[in-house]
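A short write-up of the structure that comes next.
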Amino acid sequence: MTEPTVGSLRVPGAALRYEVRGRGPLLLLIPGGAGGAAAVEEIADAFAADHTVVSYDPRGMGGSPLDDPEAEQRVSEHADDALRLLDEVSPGEPARVFGASSGAIAALHLLATRPDRVERVVAHEPPVVEVLPDAAVHRALVARVQETLRTRGLMPAMSVFAEGLRKEGGGDTAGPRGVTELPPRAAARRERTMADLPYFVGRIVPSFMAYTPDADRLAGLSGRLVLAGGEDSRGELPYRAAAFLADRLGSELRHFPGGHTGLTTHPAAFGAHLREALGA
């Protein structure tokens, strides 16, 4: 484990806690879900031998408090946070960027709006459901999740959300899933992740899943973009969105070990695939 240097960056509406490891070309890791910087620490450690690796808690999560806890969340603002971190750590050097899930959506927006600051982006299963032909079905899912959260609480809302993510086109799920035993570091993060889940489900999910990427702009930058999906999540909603966007951009979806959370369940193999994708 590489001991990081921890910093705090003031941005409009929040203070971002970030970590820096290693030396070499700049690699920014944008975590998804509710894990924050801790969710990408295995990958950060693996790349620190030959990269300067920056990871952080997205605004509102972990050690990155919001000035206004009720503030609306926007993809553009989260992407601007990533840009400000790049400018803070390495103002003159274009970076390699990896984003997972909601973090992958922020990475797509960063590439589309500031390609001068980005050398290459690997976006793993960004749930950009607005690109899908059945987008209305998924808007209804998000509305059900929010109503369940309001009326029944977090865990019932998470159940509705998880079921909806597994469904293809509103159909039946594929059946019971096997449970993958988490690596020790991932298991230790569970309590922190649970603490951030209400914010993630209530604020990040509705705004990020309503985001429509600029496909025309990204098509012109497709040589710098790798869209990735999990070997074990074929047919699930985030995978479908990533695959559809890749097809629309005329590129091939690259497959990584595990499912949507392969970064957590298969960190070593996932990191090896990420290294290959960043260098492709």
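A few comments on the model shown:
- A simple spin-label model places the labels of A136 and S251 3.1 nm from each other, with each point 7 Å out along Cα-to-Cβ.
- Stretchable slack from S76 to E147, in nm (0.36 nm times residue separation minus alpha-carbon distance): 23.0 nm
- Estimated FRET transfer efficiency when R0 is 25 angstrom, pair A269-L221 (beta carbons, to 0.05): 0.35
- Formal net charge of residues neighbouring L26 (Cβ-Cβ distance under 12 Å; K, R +1; D, E -1): 0
- Heavy-atom accessible area with a 1.4 Å probe sorts R150, R17, R144, R275, largest first, into R150, R144, R275, R17.
- Probe 1.4 Å, all protein chains present, accessible-area order of D116, D50, D57, largest first: D116, D50, D57
- Using a cutoff of 8 angstrom between alpha carbon atoms and counting only pairs six or more residues apart, the relative contact order for the stretch 94-148 works out to 36 percent.
- For G230, distant residues with modelled amide H under 5 Å away: F256
- Couplings 3J(HN,Hα) for the stretch 194-209, derived from phi with the Karplus relation 6.51 cos²θ - 1.76 cosθ + 1.60 (θ = phi - 60°), are 4, 5, 8, 4, x, 5, 4, 5, x, 10, 6, 4, x, 7, 6, 6 Hz, where x marks Gly and Pro.
- 1.4 Å probe accessible area per residue over the chain, in Å²: 43
- Rounded to whole Å, the principal axis extents of the Cα atoms in the chain read 47, 40, 36, largest first.
- The share of accessible area on the chain that comes from carbon and sulfur is 51 percent, using a 1.4 angstrom probe.
- Span from the the stretch 30-45 Cα centroid across to the the stretch 107-154 one, whole angstrom: 18
- Computed [θ] at 222 nm, helices only, for the chain once each DSSP H run of length n ≥ 4 contributes -39500 (n - 2.57): -12500 deg cm²/dmol
The values are calculated or read from the model by the stated rules, or taken from the named source; none is laboratory data. Please read these numbers as outputs of a predicted model, since none were measured by experiment. Positions of Cβ are backbone-derived with ideal geometry, glycine not excepted, and every protein chain shown enters the neighbour counts. The accessibility values were calculated without ligands, DNA or RNA, using every heavy atom of the protein model including side chains. Shrake-Rupley method; radii C 1.70, N 1.55, O 1.52, S 1.80 Å.
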